[in-house]
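What follows is a set of notes on a single structure, which appears directly below.
Please treat every number below as a calculation from the coordinates, not as lab data. Computed from a prediction, not measured in an experiment: that's the story for all the values here. Quick reminder, even Gly has a Cβ in these numbers, built from the backbone with ideal geometry, and neighbours come from all protein chains shown.
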Amino acid sequence: MTMKNFSARIAFAGVALLPLAAFGQATIYSDQASFLAAIAPGYYSTDFSDLTNFTPYSSYSINGGADASSNPFVGTITSTLVTPGDGNLYKVPNGLSTDTDGYALTYDFTSGNVRSVGGLFGVTDVDGNFIPGTIQFDLSDGTSVTVATGSEPSFQGFLIADGPTITGLSAFPIEGADPVYVANSQLFVGVPETSTYAAAGFMGLAVGGLWYRRSRKAA
């Protein structure tokens, strides 16, 4: 494996509702404003700014709803190739990515009450430049959609109003000739509370972090 330094700048690019076929029962959004309106009045959000830039982590804990009036949820983000957590995460200046090219960002929710999840996603090269690419999103209900991205990350969100709750999501970069990485600069999670979504703060806490700086890997 070769080792190269990594730097990145993530921006927002929104588009209309995604007119692509998908399997499963989730409603799919590719516009952030429409998604947030659908999960109003509140949601949990993080931009991963609590992490240290250019640092790898084994996992990231996403636990929301600390106050008694909210409906808390529990989740974890890992980097996955074959099994969850078999790779490391990597913090870039404006988001969370994977430490090794070709790995997926995997989101697991264990509290049984998550109804929506979305965020800003993009594809980068090993030098941290956002490039045109493709990301495959797989939701726990069987929803699967493949999205083409451009030179900036774009929004992708999923909502299940009824039926099974969301227990997992993966964002997997479709590799070409060169190493590519998937990055998430903003994450939103919605948990309903008495027919609405709880308006509460989002708390992100890195756990199992590998507290040292190192270059990013290209497999």
Review point. Sequence-distant or interchain residues sharing an amide H contact under 5 Å with residue 98, placed H: which?
Key: 90, 182
Revision key, fill the gap. The alpha-carbon center of the stretch 29-52 and that of the stretch 107-133 are separated, in whole Å, by 12 Å
Revision key, fill the gap. If R0 = 41 Å, then residue 129 and residue 25, at their Cβ-Cβ distance, give a FRET efficiency to the nearest 0.05 of 0.65
Review point. With θ set to phi - 60° and the Karplus curve 6.51 cos²θ - 1.76 cosθ + 1.60, what are the ³J(HN,Hα) couplings of the stretch 47-61 in order, to the nearest whole Hz, using x for Gly and Pro?
Key: 10, 6, 6, 7, 8, 8, 4, 6, 10, x, 9, 6, 6, 9, 8
Review point. Three principal axis extents, largest first, for the C-alpha atoms of the stretch 43-166, in Å?
Key: 43, 31, 27
Point to revise | Sequence-distant residues sharing a close amide H with residue 149 (under 5 Å, placed H) | key: 133, 134, 135
Study note, to complete from the structure: Summing +1 per Lys or Arg and -1 per Asp or Glu among the other residues with Cβ less than 9 Å from residue 25's Cβ gives -2
